Each structure stands twice: as C-alpha cells, then as structure tokens.
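Notes follow once the structure below has been shown.
None of the figures in this text is laboratory data; all of them are computed from the coordinates on show. Computed from a prediction, not measured in an experiment: that's the story for all the values here. Positions of Cβ are generated from backbone atoms using ideal geometry, with glycine treated the same way; all protein chains shown enter the neighbour counts.
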Amino acid sequence: MTSHRSGQAVAAGRRVRELILRCRTVLVVAALVLGFGTAQLATAFLQVPDEPSPASGTAQVVAQGVVDIPNGDIRWQIAEQSAPPPANATGSRSDLGFLIVDSGVLLAEDLATGEQQRLPKGEAMLTRGGADQLRAALGSDAAVYRSLALVDTDAAAPADGTVQFTGEPFPGPGARHDLDLVRDALAPDETLTVPVGALPTLILVVDGVAEVASETGDVFSLGGGEAVSLTGQLLITATENGATVIAAYTGPVVPHLEAGATPVPGRRVIESPGTPTAKAAEVLPAATAIATQRAADRTDDDKDGLTNAEEDAAGTDPNLADTDEDGLTDGEETTQVGTSPLSADTDGDGVLDGDEVAQGTNPLDGIAAAPTAEAPAVDEAPAAEPTAAEAGAAPGDSDGDGLDDAIEVELGTDPADLDTDDDGLTDGDEYHVYQTGTRNPDSDGDGVVDGEEIANGTDPNDPASS
C-alpha cells in the first residue's frame, strides 16, 4: 500500500538538506584536488558535531566500515546465497556491502590475508568490493546468508545465489564514506528514524510487517523479505505484530589522515591501501605469497577429503584416495568413521573396514555387531529367493550362499538361510559382490529392496539411482 502527503515545508526542507550535502561534497573534493587544507575542511564541513548516528532508540549498528564507493551508476542489490561444508568451500569475489546470516554458521576467509570471520545466525560483516574470499558452512546445518551490496547497474546475479531485490540506480560519489548496517527489533507501533544518508538508504524487513515513510510523503508497506531503497530521512513503523528491520546507511565522507602526522610511540602506522609506498611494494608480494601458500595447503589431489598437507602428516598417499584399499577413502576413515587410513582392518577381526561399514557392523570393536537401525518399510515384493541347490552348497557353507558359516556367525546372519534378510540376494553376493547389508533388505533406504535394484540395474547403495 502507498499513500501520499504533500507540503511545501517538507519539500523545502529536503531541498535545503540536499543543497548542503552537495556544497559539502564539492568543497572537500576541491580540497583533495588542490592538495591543501584537507584535514581542516574535512573537520569543518564533514564531521560536524551534530552529525546524526544512523542508530537511535533500541537500534544497533551490527557492522560498519569506511569504504571507497566508486564512481558511475550503482544500485543496492540483495541476494540470498548458501555455503557448502568446508571441504567444498566456494570461492567468491565479494561486492561492497554486507553479509548477514539467516541460518547456520558461516565461515568467511580472506584469501589474501587469511583473516577469518565466523558468523552464527543473525550476525553480520562488512565486505569490501573485489576481495577474494572462501565461504563455508560450519556444523551440520547449511549456512544461508544474504548479501546487501552496492553493485554496478549491469552487475549479474551471484553464481551461487538468487537476487531478491534490485534498487533504482544512482550516481556513485567516487569517495570514501562511512557505511553502517543498522538492526532494530520493533515492538508493535514502535518507530525507528533513519537520518539523511549521503546515498539512498536500503531498508530490509527481516520478519513481521513495517511501514516506511519517506520525506516525499510516500509510505511503503513491507513484509518479511521485502526491501526498498529511498533517499532522505526515513520513518519506519512496525505494525500490530512488530517487525525486525535492517538499514544499510551511507554516512559522511571520511578523509585520509595526513601522511605527515607524527606517529605515537609504540603504535604501528597503517598505510592507506590507495597510496603507493615503498612499504606497499614489500607487503603486496608477501600477501600474494601467503595466499599462494594457503591455496597449496587446501590442495587435495586425490579428492578423498584430506588435503595433501594433511595426508603428509598422516602418512597416507596424497595421490591415492584409499591408501589401505579397504573400501573407505582416507577422508572417510579420518573424519567420519574413525578407522585408520593405514590399516585395512583397524580392529583386526578379519573383516575389512569398508566391508564392516557396508554390513552395518562396527569396524572398531573387534567383533561384528548387528546394525542398530531397523530396516525401513518396503513396498515392493522381494524377488524370488534362490534355493540352496541354485546357490551350490560347499563345505563350511551350510546354506550354500557363498558365505562361510564362520563369517555368517560373525556377521549375525543365519548360516542355515542363504538369504537372511529376504531381499532376493544371497548373503554371499551381498557380502562379496554388491557390498550391501546382509541383514538390511534395503541398504540405501530408498524403498526398493536390494534384489529388485540389482534386477532393475540400479545401485542398491545409492538412493538417488532408483
């Protein structure tokens, strides 16, 4: 819903504020070009004592930084993205703006510096345009997050995300500004006032419903996940159920500190990244070397889930996914199962670790244990069970299923029944040929019994193949 109200006083006030902002920007740019009085002009015209904070009342600034905002037409864009587990961390070139996590825990790592930020649900961080990052989800839940970014008008959607909002374009100032992300949880009918920003302010309603009133008299009603980009002072009012609101606000121009300033003893002087210096010539190659080394540390030539460096430390073969050839990759043994990647039979019970995992027994206790999970309900009728005569009984194999009685006792299968789980496959075929569960008729839990999957040509160990 959009309503309108007009008034000469409101319009005049807005024009005066815009004129002041333009004058202030022109004066500072002139000082920067001419090279004199920069600090004095910045203090006089930009850092005025009553410059408002974007946070008021119960609102808080949850992420902030001084950034270089480019020239040219730009716009606000919101995109929803997700991050995979660390082993599959994706590389992303960040846009200028913010990341805010909606669910899970996000780990973001700067490739150039190695700096990491861990962001649980609800936390946010500033992102600088053009920075190369790795992003991954920590824990068992996926990390879903949103980027609120200032992008070029022709910028494409993120390769790993979906654009949820695109604002109207506006000219970029080509200057350094303070950029703030403000969050407020508003009770019913509670308000948040966002002051005039140097650029249009992005308002996002995370949940609930809120009305956003602009200086022009327009009122925008926004529900959860909806956004708007507006200039001037804004008044946000929560409706009867309250609302959580986020505002991306652009503050005043921020000048560089004077290069001739006397350093305080014991404090490190941080060079401006935009000013070439002899020290920068030393720092940049060092950062490149660090990034190259960190990339090498993440290399996993055999794609087994362990990096080459981790394999070197463990003594496994970085060019062989399953060093001990027990049916489990080195990564599975180290990070999931807990078995030794250098021993094919970790508990020494005569059964390979991979076979024990396939059969549902414990590869660490020395005695094959019965599976704890109950077999899922199966709708399909099992294939016709082979007879002992068809299987061909042999000495030490009472039921002729191709599996020695001693192994059947160890696995908990019936040495007098050639198909213990009645899935249409003999115990011997399940153990030696297909690596399916001898006591589980549906090894991959997809609702189709193992015998039917073999008859249909599908993989009884892969639910996606049915």
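Electrostatic tally near residue 240: other residues with Cβ closer than 13 Å to its Cβ, Lys and Arg +1, Asp and Glu -1, net -3. For residue 161, the shell of other residues with beta-carbons less than 10 Å away shows a net charge of -1, using +1 for Lys and Arg and -1 for Asp and Glu. Our summary gives the stretch 48-200 a relative contact order of 40 percent, counting only alpha carbon pairs under 8 angstrom and 6 or more residues apart. Fewest neighbouring Cβ atoms within 10 Å first, the residues 121, 303 line up as 303, 121. The three principal axes of the C-alpha atoms in the stretch 167-217 carry coordinate ranges of 40, 23, 18 Å, sorted with the longest axis first.
Rounded, prolate or oblate: which fits the stretch 112-195, taking a ≥ b ≥ c as square roots of the Cα gyration tensor eigenvalues, rounded meaning a/c under 1.5, else prolate when a/b beats b/c? Since a/c reaches 1.5 but b/c is at least a/b, the shape of the stretch 112-195 is classed as oblate. Highest average first, the peptides 99-109, 310-320 ordered by how many other beta carbon atoms sit within 10 Å of their residues are 99-109, 310-320. All other residues whose Cβ lies under 10 angstrom from that of residue 230 are scored, Lys and Arg at +1 and Asp and Glu at -1, for a net of -3.
Remark: 148, 96 ranked as 96, 148, counting other beta-carbon atoms within 10 Å and listing the fewest first.
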